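The values are calculated or read from the model by the stated rules, or taken from the named source; none is laboratory data. Fair warning: this is a prediction, and the values are worked out from it, not measured in the lab. For neighbour counting, all protein chains shown are included, and Cβ atoms are generated from backbone atoms with ideal geometry for every residue, glycine included. Note: areas computed on protein heavy atoms with side chains; ligands, DNA, RNA excluded. Shrake-Rupley method; radii C 1.70, N 1.55, O 1.52, S 1.80 Å.
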Amino acid sequence: MLAPKNIEHETVNIDLKQKPSWFLDRNPNGAVPILEQDDKVLYESLVCADYLDEVYPNNKLTPSDPYRRARDRIIVELFSKVMGPFYKTTYGKDVPKDAIKEFHDALDPVEKALAERGTPFFGGSSVQMVDLMIWPLTERFDAMAQLVKEARVTADRYPKFTKWIENMGKVPAVQKCRWDTPTHVHFIETSKAGKPDYDFGL
Ligand SMILES: N[C@@H](CCC(=O)N[C@@H](CS)C(=O)NCC(=O)O)C(=O)O
């Protein structure tokens, strides 16, 4: 959200194993991301994204039509069901039997939603907030597949979604912010070993 709108910012990584008190003061839930601007503090990705889109109206990333905006939210909600199985599959010491099936069961409706839209991006002909909300987890799918090959997201099961991944890879803001697969694998492996490398990228 910051990159496509060219919003000047500083990123602060947080050690989520040893959360600093100043971090917990800002978000009592103890989760990233947090957005801080002067004396204003926000958390929850969608809340931060909405705020940024409203306060920085250049390159608007949400549709003006309320119904369409609501439908986009449903897609983000649908995709959020992928998160639990993703973490179980990728970060589990032994991959629970059902986790991979649950992962694919959760991703199937996302493929269907994109097929129904019939556009290169969930948001239409160009990248929108709905796409940016789905991207950060998707960016780690190759790393997951490297660790657990049954979890691969293939073009035969997900023709639209894999094409979307390709399209997202061409978006300048995504290219600017993305981490490559070896970096994700490194982070996952250090997490599994109980010592997540929260300094990566610094
Ligand atoms: N609903 C929250 C979820 C945020 C969240 O779960 N963040 C994770 C990292 S991706 C986190 O900070 N977890 C806290 C922890 O690991 O203790 C949002 O969308 O911002």
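Overview of values
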read-out: Whole-Å distance, taken between Cα centres, linking the stretch 1-64 and the stretch 83-107; value: 28
read-out: Potential extension, residue 166-residue 70 segment - 0.36 nm per residue separation minus Cα distance; value: 32.0 nm
read-out: Overall dimensions of the stretch 52-190 by Cα: Rg and Dmax, Å; value: 15.4, 46
read-out: Under-5 Å amide H pairs with residue 171, H placed in peptide plane, nonlocal only; value: none
read-out: Too-long pairs where the Cα-Cα distance tops 29 Å, listed order kept, from 17/60; 170/192; 19/192; 93/163; 112/170; value: 17/60; 170/192; 93/163
read-out: Sites residue 54 and residue 29 - FRET efficiency at Förster radius 30 Å, r taken between beta-carbons, to 0.05; value: 0.85
read-out: Selected from 131, 39, 15 as most flexible by GNM, with the chain as the system and alpha-carbon contacts under 10 Å; value: 39
read-out: Charge dipole of the chain about the Cα centre (unit charges at C-beta), most positive-ward option of 143, 99, 155; value: 155
read-out: The chain, helix-only ellipticity at 222 nm - DSSP H runs n ≥ 4, -39,500 (n - 2.57), divided by all residues, nearest 500; value: -17000 deg cm²/dmol
read-out: Vicinal HN-Hα couplings computed from phi for the stretch 94-110 (Karplus, 6.51 cos²θ - 1.76 cosθ + 1.60; Hz; Gly/Pro x); value: 10, 5, x, 3, 7, 4, 5, 5, 4, 4, 5, 4, 7, 7, 3, x, 6
read-out: Simple Cβ-charge dipole of the chain, Lys/Arg +1 and Asp/Glu -1, about Cα centre, in debye nearest 20; value: 560
read-out: Neighbour net charge for residue 38 - beta-carbon separation under 14 angstrom, K R +1, D E -1; value: -2
read-out: Within the accessible area of the stretch 39-79 (1.4 Å probe), percent carbon and sulfur; value: 56
read-out: Cα Rg over Rh - the stretch 64-107, Kirkwood; value: 1.21
read-out: Max mean-square fluctuation residue, GNM over the chain, Cα-Cα springs under 10 Å, options 38, 142, 50; value: 38
